[in-house]
Amino acid sequence: MKKITYCLLVLTLFLVSCKTQEKPYNFKIMAWNILHGGNDIPNGSDHVIEIISQVDPDIILMVETYGSGKKIADSLGYHFHLIAPEGTALDNKNVNLSIFSKFPFGKRIDTEHPFYLGGREVVIKDQTIRLFSNWFHYLPWDDAPETMGKTSEELLAWEQTGPKYDMIQKVLPYLKEYASQTDSIPMIFGGDMNTPSHLDWKESTMAIHNNLVVPWYATKVLEDMGLIDTYRTLNPDVMSHPGITWDTKGKKDEHRIDYIYYKGPKLKAVKSESYKAHLGDPLKINGVEIPYPSDHGFVVTTFQFVE
């Protein structure tokens, strides 16, 4: 009897040890504006496929899908959701946003503004997560806002003069609603916001921004709702990790304008990277050079579940 009890104790301790040593479950999110379906260079959509294959994300929040999404998803074996009214042809060339997933889709998350915000639930390890793909208009835009001769307050007022601000106002009710429910259902929001970040225009970076600190509304409003900028949180030094995703060859206009945000105590971002090459130039990734089909860089963030 003592021998049986001892064996059971050893087995129990072994199982507990195995459980405590079990690695956390990771999944990877990619946010990418592929530019006109990836079709602005020869075989561009094929190069989109090659790059995604090298990154191997579990989920993609895609911008400027424009008819290429189904081909890309089918080539790589992803579930594909087009952010458009139900019944829209999956190869419709007028649809901007989409979501790719290796995990099963759950409920649709439709908005009245699918061209610049929509989503889908996915189920990962029995946990539902709400995913949102996003695009905001680039106007108002200046290649170097710090050289406009405006104060911080004047730049914030200028920021609200174009369609970007109007778009944000239209989708804020959706974002606030879902952000308020993240204790039970986490949310991940990503895409092309066409705006610099207030986290990159702070006191420690005044020297590169004409001594300005600018709490840019477009990103600050997300932080105020509790959403976390994954790249800047995990790469806090702006000078060593600028995270540039917009940079026109021959111009001085480098900005980080593509993002992945999240909110929810059940998730933790553990790694975030950005990648960039000029349109048509080679992007080197995993030792492979691939002609780059977009004018935007992309962001890749790895998440873990929090027990």
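What follows is calculated from the coordinates using simple rules that are stated; it is not laboratory data. Owing to the predicted nature of the structure, the values given are computational and were not obtained by experimental measurement. Here the Cβ is made from the backbone with ideal geometry for all residues, glycine too, and neighbour counts use every protein chain on show.
Brief remarks follow.
- Each other residue within a Cβ distance under 12 Å of residue 103 adds +1 if Lys or Arg and -1 if Asp or Glu, for a net charge of +1.
- Pairwise centroid distance, computed over Cα atoms, of segment 59-133 with segment 23-48, Å: 13 Å
- Mean separation of Cα pairs under 8 Å and 6 or more residues apart, divided by the residue count, gives segment 90-218 a relative contact order of 23 percent.
- Among 236-249, 214-227, the order from most to least packed when residues are scored by Cβ within 10 Å on average: 214-227, 236-249
- Positive-pole candidate from 149, 216, 65, dipole of segment 29-305, charges at beta carbon: 65
- Structure-derived semi-axes √(5λ) of the Cα gyration tensor in Å: which label, when the choices are (1) 26, 24, 20; (2) 35, 24, 21; (3) 34, 21, 18: (2)
- Lysines whose Cα lies under 18 Å from that of residue 71, excluding same-chain neighbours fewer than 8 positions away: 93, 102
- Contact order normalised by residue count of the chain, Cα under 8 Å, 6+ apart, percent: 19 percent
- For residue 294, the residues whose amide H sits under 5 Å from its own are 280, ignoring neighbours fewer than 5 places away on the same chain, with H placed 1.01 Å from N.
- Flagged links, alpha-carbon separation over 28 Å, of 125/164; 164/263; 125/284; 220/276; 150/202: 125/164; 125/284
- Debye-sum result for segment 78-122 in log10 I(q)/I(0), which assumes one identical scatterer on each alpha carbon, at q = 0.19 Å⁻¹: -0.53
- Dmax and Rg, reported as Rg then Dmax, of segment 153-237 (C-alpha, Å): 14.0, 43
- Put a dot 7 Å past the Cα of residue 181, heading toward its Cβ, do the same for residue 123, and the two dots end up 1.6 nm apart.
- Within the chain, helices built from complete DSSP H runs that reach 24 Å or longer along their own axis (Cα positions) and carry a mean Kyte-Doolittle hydropathy of 0.0 or higher are 2-21.
- Sum of side-chain charges, residue 68 neighbourhood, beta-carbon under 12 Å (Lys, Arg +1; Asp, Glu -1): -2
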